[in-house]
């Protein structure tokens with residue numbers, strides 16, 4: 001399967017209420033030759049029964065929608081890199097990549113992309129939260145239900161949100177990505193309160209499980225370019241997966257990574273073992289019944305499928321020791337429940 005992210009969109013569904021937003025107009029102009037279909041609510045397309053995620057993943061459509069309800073949500077307890085006030089938000093649902101371990105396949109029935117065009121509402125929520133937590137910085141994690149940068153040429157997310165965060169000294173934002181899509185970041189001013197966090201797995205896992213994701217070497221190169229320009233960069237080894245020779249694979253990844261990334265100027269490293277909510281896991285396993293990832297040492301615990309304690313401790317402990325050869329321990333965070 002190709003590792004090149006495609007922005008070929010043949011069909012765009014657009015909510016009636018979304019049509020007049022500037023971002024919606026930009027996207028419709030970009031894909032002027034695509035079929036444009038109006039709908040009342042994105043759920044009519046995204047949530048309908050009888051969809052085949054695997055078939056749609058080969059040629060997803062784009063849905064332009066207006067986000068309603070809560071825009072910014074509290075992050076899970078373990079989801080942090082040292083901040084006291086942690087939140088996440090999703091300007092988009094779904095991702096151009098096709099990772100076998102991705103929980104989105106279990107969460108959603110549809111592989112279509114949903115892009116919320118009312119960015120100002122997200123910004124208002126972020127501004128209000130930073131005012132409430134005025135004594136400490138508030139952290140905002142993007143890239144939870146999508147990849148922060150992979151779809152940026154279409155979503156224009158960087159140009160809308162990075163300057164906004166830069167103007168708010170009490171806000172911190174993490175752009176989490178598996179992408180090499182850094183053109184927009186290279187064209188704007190560097191800001192110290194936006195962290196560019198790149199996710200990695202070992203080479204074997206990258207080749208076998210992260211379909212359409214750029215090779216590790218290309219992501220390392222993109223990360224190095226950002227660090228050279230002065231952007232704060234971070235590494236996310238999450239999810240760590242247990243397989244034969246994972247230690248050697250992970251050790252080699254770290255050697256390759258820290259040849260090009262200066263650990264002295266690295267913002268943080270987080271390490272987390274594979275885990276997935278039970279209902280999502282069962283759905284994803286049904287999509288890939290022969291995938292060895294879903295049978296190797298996983299157990300049901302605390303509403304998740306996750307590794308047993310011995311394997312989890314081995315993964316996190318040994319990975320932390322390997323990373324600790326390059327990075328100071330106070331910048332290494334393990335993601336534990």
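The values are calculated or read from the model by the stated rules, or taken from the named source; none is laboratory data. From a predicted model like this one, the values you see are computed outputs, not experimental measurements. Glycine also receives a Cβ, built like all others from the backbone with ideal geometry; neighbour counts cover every protein chain displayed.
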With the checklist (1) surrounded by fewer than 22 Cβ atoms within 10 Å (Cβ to Cβ); (2) closer than 17 Å to residue 209 by Cα; (3) modelled with pLDDT under 95; (4) touching a helix residue (DSSP H, G or I) at 6+ places or on another chain (Cβ under 8 Å) in hand, flag the one item residue 277 doesn't pass. (2)
Positions within region 110-124 being buried (at least 17 other Cβ atoms within 10 Å of the Cβ) and either farther than 22 Å from residue 181 by Cβ or touching a strand residue (DSSP E or B) at 6+ places or on another chain (Cβ under 7 Å) (or both), in sequence order: 110, 112, 113, 114, 115, 116, 117, 118
Reported set for region 230-253 where residues are assigned to a helix (DSSP H, G or I), in contact with a helix residue (DSSP H, G or I) (Cβ under 7 Å, 6 or more places away or on another chain) and without any contact (Cβ under 8 Å) to a residue 60 or more places away in the chain is 249, 252, 253
Quick check, is residue 258 assigned to a helix (DSSP H, G or I), in contact (Cβ under 8 Å) with a residue 12 or more places away in the chain and crowded, with 22+ Cβ neighbours inside 10 Å? no
Per-region count, region 299-327, residues under 23 Å from residue 265 (Cα atoms), part of a loop (DSSP other than H, G, I, E, B) and touching a residue at least 12 places away in the same chain (Cβ under 8 Å): 3
What's the number of the condition residue 168 fails, among (1) within 20 Å of residue 199 (Cβ to Cβ); (2) crowded, with 17+ Cβ neighbours inside 10 Å; (3) at pLDDT below 95? (1)
How many residues are under 21 Å from residue 201 (Cα atoms) and in contact with a helix residue (DSSP H, G or I) (Cβ under 8 Å, 6 or more places away or on another chain) when one looks only at region 281-297? 8
